[in-house]
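Participant: There's a structure below that I have some questions on.
The values are calculated or read from the model by the stated rules, or taken from the named source; none is laboratory data. Given the structure is predicted, the values throughout are model-derived calculations rather than measurements. FYI the Cβ positions are ideal-geometry reconstructions off the backbone, even for glycines, and counts take in every protein chain you see. Only protein heavy atoms, including side chains, enter the accessible area calculation; ligands, DNA and RNA are left aside. Shrake-Rupley method; radii C 1.70, N 1.55, O 1.52, S 1.80 Å.
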Amino acid sequence: QVQLVESGGGLVQAGGSLRLSCAASGRTGSRYAMGWFRQAPGKEREFVANISCSGGSVYYADSVKGRFTISRDNAKKTLTLQMNSLKPEDTAVYYCAADRSRCIQIGVKSDEYDYWGQGTQVTVSS
């Protein structure tokens with residue numbers, strides 16, 4: 001069993017930056033592919049970025065490509081999302097997720113992930 005806790009959300013102006021973190025705890029000795037999703041009020045949860053078990057492969061949604069960077073530190077059991085050039089449309093609750101069955105071929109759909117954090121709010125003002 002894995003527990004995930006997001007942190008780092010807040011209020012920023014358009015064009016600003018924010019760094020989100022996800023701390024993992026629970027069972028040791030296993031690694032998971034991980035991803036970030038977000039959900040804005042009245043909208044469906046959408047894929048943001050994912051990363052392979054080793055951190056060697058990453059993939060981004062077109063909407064954030066070139067602005068966001070996903071990374072992980074397996075020794076510290078942390079996942080990070082560096083967000084630059086933020087836009088008002090980035091406003092959402094951001095969720096950290098882990099996939100126990102995949103390591104390299106990482107999914108972009110919510111139902112492909114097994115563990116979720118509670119989310120952290122990101123608000124970007126225009």
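Participant: Please name whichever of Tyr60, Gly35, Cys22 sits farthest to the positive end of the charge dipole of region 15-126, dipole taken about the Cα centre and charges placed at Cβ: Lys and Arg +1, Asp and Glu -1.
Facilitator: Toward the positive end, the furthest listed residue is Cys22.
Participant: Under a 5 Å amide H to amide H cut-off, with H placed in plane at 1.01 Å, what residues pair with Phe68 once short-range neighbours are removed?
Facilitator: Asn84
Participant: Assign unit charges at the C-beta atoms only (+1 for Lys and Arg, -1 for Asp and Glu), then state the dipole size of the chain relative to its Cα centre in Debye, rounded to the nearest 20.
Facilitator: Result for the chain is approximately 320 debye, rounded to the nearest 20.
Participant: Follow-up. If you roll a 1.4 Å probe over the heavy atoms of the protein chains, what accessible area per residue do you get for the chain, in Å²?
Facilitator: 53 Å²
Participant: Enumerate the calculated ³J(HN,Hα) couplings along region 39-53 in order (Karplus 6.51 cos²θ - 1.76 cosθ + 1.60, θ = phi - 60°), each rounded to whole Hz, writing x wherever the residue is Gly or Pro.
Facilitator: My calculation for region 39-53 gives 9, 8, x, x, 10, 7, 5, 10, 6, 10, 6, 9, 8, 6, 4 Hz in order.
Participant: Treating cross-link reach as a plain straight distance, find the lysines whose alpha-carbon is under 22 Å from the alpha-carbon of Lys87, omitting any fewer than eight places away in the same chain.
Facilitator: Answer for Lys87, where 22 Å is the Cα cut-off: Lys43, Lys65, listed by chain and number.
Participant: Could you check how much of the accessible area of region 1-58 is carbon and sulfur, as a whole percent, using a 1.4 Å probe?
Facilitator: After summing per-atom areas, the C and S share lands at 46 percent.
Participant: Here is a further query. Step through the residues of region 32-38 one at a time and calculate ³J(HN,Hα) from phi using the Karplus curve (6.51 cos²θ - 1.76 cosθ + 1.60, θ = phi - 60°), rounding each to whole Hz and writing x for Gly and Pro.
Facilitator: Listing the rounded values in order: 9, 5, 9, x, 10, 10, 9 Hz.
Participant: Could I have the simple spin-label model distance between Thr123 and Thr69, label points 7 Å from Cα toward Cβ, reported in nm to one decimal?
Facilitator: The answer from the label model is 2.8 nm.
Participant: At 0.890 mPa s and 25 °C, plugging the Kirkwood radius over alpha-carbon pairs of region 1-121 into Stokes-Einstein gives what diffusion coefficient in µm²/s?
Facilitator: 173 µm²/s
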